[in-house]
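None of the figures in this text is laboratory data; all of them are computed from the coordinates on show. All values derive from a computational prediction rather than experimental measurement. Neighbour counts are summed over all protein chains in view; Cβ atoms, including those assigned to glycine, are modelled from backbone coordinates with ideal geometry.
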C-alpha cells in the first residue's frame, strides 16, 4: 500500500493534477530543447551521413559514445540507490526510491537515443544480437545486460506504482534489478578495460571505476533534483534524508571517486609503457582541468562543511558542478584512450579530435529527452510515493 498524493485521473496509473511551474518548465523546456537537438542531428545525418561526426580511423569512438556512457552509468547508479531500501532494507531511502527508478529508466532512454543516432542502423540489433550470440564479446554482454536492465526497471516501477512494494515477487524483481545494474556498468567497463591495444584504457580497475563514478553521478542527480523540492511540511525522517543522508552519501562517494582518480592519474604518469604518454597529453587538455577543479575540488570544498551540506542551494551547486565535471570526464576518457595512434605510437604526433557541432547537438537532445520525461513523470506518476510503515 502506498501513500498517494492524489486520487484523480486513471485510478492507480496516471494522476492528472495541475502541474506546478517547475514541472511545466521541465516538460516544455525539455521537449523544445530536445526537439531542436534531435532535429539538428537527424538533418545533418540525412545530409552528410556519418561524416557529420569528426571521428576518423584514428579516433573511431567520438563524443556520442561519451555522452552515452554518461547517461547509462548514471542510470546504473540510480538503480543501486533505489535498491538500498527495496533490497537491503534501508528504509530511510523509501521517499526517493520510486523517483530513482523513474530516473534510471529515463536516463537509459536518453542514452539509448544518443547511441541510436551514432551507430547508424540501431534496429538491426533487434535481430543481430539474439542471432549472432557473440558471447565472447563484452560489448555483446553489455547490450544484453542493459536491455534486461531496462525491462526489469520498468517492471519494478510498475510494481511500485501499483502499490506492490513488499511482495515476494517485487522483492525478487528488485534483487534481479540490483544484480543486473552492477553487472551492466561492470561489463561496460570491460569494453574499455580489456583493450590491450589501447594502453590508456587497458586496466582491471576500469569496471570498478565505471561502477563507482556511476553511483557518485547518481547521488549527484538525486541530490540536485531533491534540492529543488520543498522540504517544509515533510515528515522528520524525510527531511533528514534530504538535509543529511543524501548530502553525506554524495560527499562520501565523491571522496571515493577522487581517491580512485588520483590513483589512476599517478599510475598513468609514472609508467613509461608505450601508449601511456597519453596521460601526459591529457594534462594539457581543458577537459581534464574541468574534471579535476570544477568537478572534484569545488564540490568537495562545498560539501566538506555540515552547514553547507544542509543548504539546499549548496546541495544544488555542488551536485551540478560534479555533474558537469564528470560529463566532461567521460569525453576526456574517450579522447585520451585514442590520442596515441594505433600501430604508430606518438612519435608521428598525437591524433587530433574535437566534437563537431552535430555531435555537440546530441547534448541538448539527450538532456531534453531526460527533462521532458522527468517533468512528465513528476506530473503524472506520483514520484514521491512510498510504502506505509
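Observations on the structure shown:
- Mean sequence separation of contacting Cα pairs (under 8 Å, at least six apart), scaled by the length of the chain, corresponds to a relative contact order of 34 percent.
- When 124, 198, 330 are arranged by Cβ crowding within 10 Å, least crowded first, meaning fewest neighbours, the order is 124, 198, 330.
- Cα gyration tensor category, rounded, prolate or oblate, for the stretch 54-355 with a/c compared to 1.5: oblate
- Shape of the stretch 307-380, Cα gyration tensor, a/c cut at 1.5: oblate
- Residue exposure sequence - 90, 181 - by fewest surrounding Cβ within 10 Å: 90, 181
- Cut-off 20 Å, label 7 Å out along Cα→Cβ of residue 228, residues of the stretch 247-272 by amide N: 247, 250
- For the stretch 127-271: rounded, prolate or oblate by the Cα gyration tensor [a/c cutoff 1.5]: oblate
- Per-residue [θ]222 nm for the chain (sum of -39500 (n - 2.57) over DSSP H runs n ≥ 4, rounded to 500): -22000 deg cm²/dmol
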